[in-house]
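Taken together, the values in this text are just the output of simple stated rules run on the coordinates, not laboratory data. None of the values given here were measured: they were computed from a predicted structure. FYI the Cβ positions are ideal-geometry reconstructions off the backbone, even for glycines, and counts take in every protein chain you see.
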């Protein structure tokens with residue numbers, strides 16, 4: 001798991017395009033875990049693989065899997081950014097908002 005906190009714009013510059021920043025979906029982590037829903041259906045995908053996300057670190061469980069080509073997670077100042085590579089879609093699970101479930105951070 002990559003534990004370095006990187007600015008979202010730097011990740012987009014490296015893996016996509018910084019012009020995509022306004023398109024990045026944002027979701028409150030605690031609310032997404034409570035409802036089991038997020039715009040990119042990351043939680044549903046992970047659940048289909050037997051991973052029940054309860055804390056932000058769970059979003060990283062597929063990062064190093066040799067058969068995972070779609071989903072990557074990165075620590076960002078706001079929480080955890082996830083990317084669905086084939087569609088170049090990005091989402092941030094925000095964990096530092098008031099009332100948000102923080103979980104383990106590097």
### Task
Counting only DSSP beta bridges with both residues in the chain, tell me the antiparallel percent, nearest 5.
75
### Query
Can you give me the relative contact order of the range 1-99 as a percent, contacts being Cα pairs under 8 Å and 6 or more apart?
32
### Task
Return the distance in nm (one decimal) between the two label points of a simple spin-label model at residue 47 and residue 67, each offset 7 Å from Cα along Cα→Cβ.
2.1
### Task
Using 0.36 nm per residue of separation minus the Cα-Cα distance, give me the extension gain between residue 37 and residue 20 in nm, one decimal.
3.9 nm
### Task
Grab the Cα-Cα distance for residue 4 and residue 86, subtract it from 0.36 nm times how many residues apart they are, and report the gain in nm with one decimal.
27.2 nm
### Query
What percent of all Cα-Cα pairs in the chain falls in each 5 Å bin, counting up from 0?
2, 13, 26, 28, 21, 10, 1, 0
### Summary
From the Cα centre of the range 66-98 to that of the range 40-64, the distance in Å is 11
